[in-house]
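Right, one structure below, let's go through it.
Values quoted throughout were computed directly from the atomic coordinates according to the rules given, and no laboratory measurement underlies them. Worth saying up front: this structure is predicted, and the values here are computed from it rather than measured. For neighbour counting, all protein chains shown are included, and Cβ atoms are generated from backbone atoms with ideal geometry for every residue, glycine included.
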Amino acid sequence: MKRLMYLLVVLLLSYVVCALPYDDHGKKRDLGPLSDLPGGDVIVWVDQAGNALANNVVGGGNSDPTATADNSPTTLPPILSTLDGDLDLSPAVPLPASTNHPKTGNYRRFGISYSPYNNDGSCKSQDQINEDLDKLAQYGFVRIYGVDCDQTNKVTKAARQRNLKVFAGVFDLQNFPSSLDYITGAANGDWSVFHTINIGNELVNDGKNSAADVVNAVNTARSKLRAAGYQGPVVTVDAFSVMIQHPELCQASDYCAANCHAFFDNNNTPDKAGQYVKDQANKVSKAARGKKTLISESGWPHNGQPNGKAVPSSLNQQKAIASLQQTFTGEDELVLFTAFDDLWKQDSSGTFGAEKFWGIQKH
């Protein structure tokens, strides 16, 4: 009788082990909420048909106190826990290490905005920028805003080493066109690292310049950059509403580049962010007679005061970013805002106490 029971247990063990094979060709990179588990590696167990049975976290540290998801590992099916002896079960799919960024698609489709300043507003070093861009290497390109702090040179140097493109720019027209020299200097004859060069960020919206001033600056910049060997897009960036009112800004640009944040419409909830922003992009293109529009900033704050139905929180930020990623499915359509919290910024009456807290990568 004992011998019969022993044979039955051996047969059952053989069946379970065979039903949980390791398939190195089945790795998944888009793993939804599982990829947000803090620290360590997540292991997914599957059956012979590829159906998930359970997931476990191996190693790891403390959880993020701001996390809202239930990060408890799922218990293995009861049949495994009732068998005597240790089972040598190989993991079917080891998941990548966690990040705070919602995992909803191929990041190479998107850009990410980045400001190379410390919390006190001082300039980050080359080593600090290298470390930051290590965390952004999954994106297709990085958007920077100005030429101060030698940022164009530092960021392009780091980007070249990480197969990233750079959406570079001059922030305003104060020292224009001599400010372009920082960009040509960073290129040093090799323009392959540049995605786009932008002239001015929301200059018309902020009342700093007229639309005519900006159009002239874009045309001047294009001429100077072409003479220096750059053949890529030259644009200006402004708020989507300004782009609709002043289609000449789009006409002067090689494509339309508009900033649009669903949070600032008090009727928006985060799950509707993607469609709201897409609708505004379509309106910009329509005003520009069908010209392509890239949304050059869009995100959602994780902290601050509510704006009607638009409420800042970590969970709502995740929902908004997921909505944006699911809606903008093409290449070069969206720049997410922003990589890290900008604690050096100051709030104004229209920022709802959220100006510092738009960082996606960590908070």
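For a quick check: sort Tyr107, Tyr255 by the number of other beta carbons within 10 angstrom, fewest at the front.
Ranked by crowding around the Cβ, least crowded first: Tyr255, Tyr107.
Give, as a single signed number, the net charge of other residues whose beta carbon lies under 13 Å from the beta carbon of Leu334, with Lys and Arg counted +1 and Asp and Glu -1.
Values: positive: Arg108, Arg109, Arg143, Lys278, Lys292; negative: Glu297, Glu331, Asp332, Glu333.
Net charge around Leu334: +1.
Can you tell me how much longer the chain between Glu331 and Lys135 gets when fully stretched, taken as 0.36 nm per residue apart minus their C-alpha distance, in nm with one decimal? Don't jump to the answer; show the numbers that get you there.
Details: separation 196, 0.36 × 196 = 70.56 nm, distance 2.07 nm.
Taking Glu331 through Lys135 to full extension adds about 68.5 nm, to one decimal.
Just want the ordering: Ile295, Ile244, from fewest to most Cβ atoms lying within 10 Å of their own Cβ.
Lowest count first: Ile244, Ile295.
Would you mind counting up the charge near Tyr230? Only other residues with Cβ under 14 Å from its Cβ, with Lys and Arg at +1 and Asp and Glu at -1. Can you show the working numbers first?
Working: positive: Lys165, Arg222, Lys224, Arg226; negative: Asp181, Asp190, Asp254.
Spelling it out: positives minus negatives among the neighbours equals +1.
Quick one: net charge around Ala186, please, counting Lys, Arg +1 and Asp, Glu -1 for every other residue with C-beta under 12 Å from its C-beta. Let's see the in-between values first.
Details: positive: Lys154, Lys157, Arg160; negative: Asp150, Asp181, Asp190.
Charge balance near Ala186 sits at 0.
Do any of Lys135/Lys291; Lys291/Lys356; Lys292/Lys319; Lys319/Lys362 go past 21 Å between their Cα atoms, and which?
Numbers: Lys135/Lys291 33 Å; Lys291/Lys356 33 Å; Lys292/Lys319 26 Å; Lys319/Lys362 16 Å.
Cα-Cα > 21 Å for Lys135/Lys291; Lys291/Lys356; Lys292/Lys319; rest within.
How would Trp191, Trp344, Trp300 line up from fewest to most surrounding beta-carbon atoms within 10 angstrom?
Working: Trp191 17, Trp344 13, Trp300 29.
Listed from fewest to most nearby Cβ atoms, that is Trp344, Trp191, Trp300.
Need the C-alpha centroid separation for region 105-157 versus region 287-357, integer Å.
17 Å
Once you have all Cα-Cα distances for region 107-337, histogram them in 5 Å bins from zero and send the whole-percent values.
Using 5 Å bins, I get a P(r) of 1, 7, 15, 18, 20, 18, 14, 6, 2, 0 for region 107-337.
Roughly how many nanometres apart are two label points built 7 Å out from the Cα toward the Cβ at Asn267 and Ser241?
Each label point is offset 7 Å from its Cα along the Cβ direction, giving 1.4 nm.
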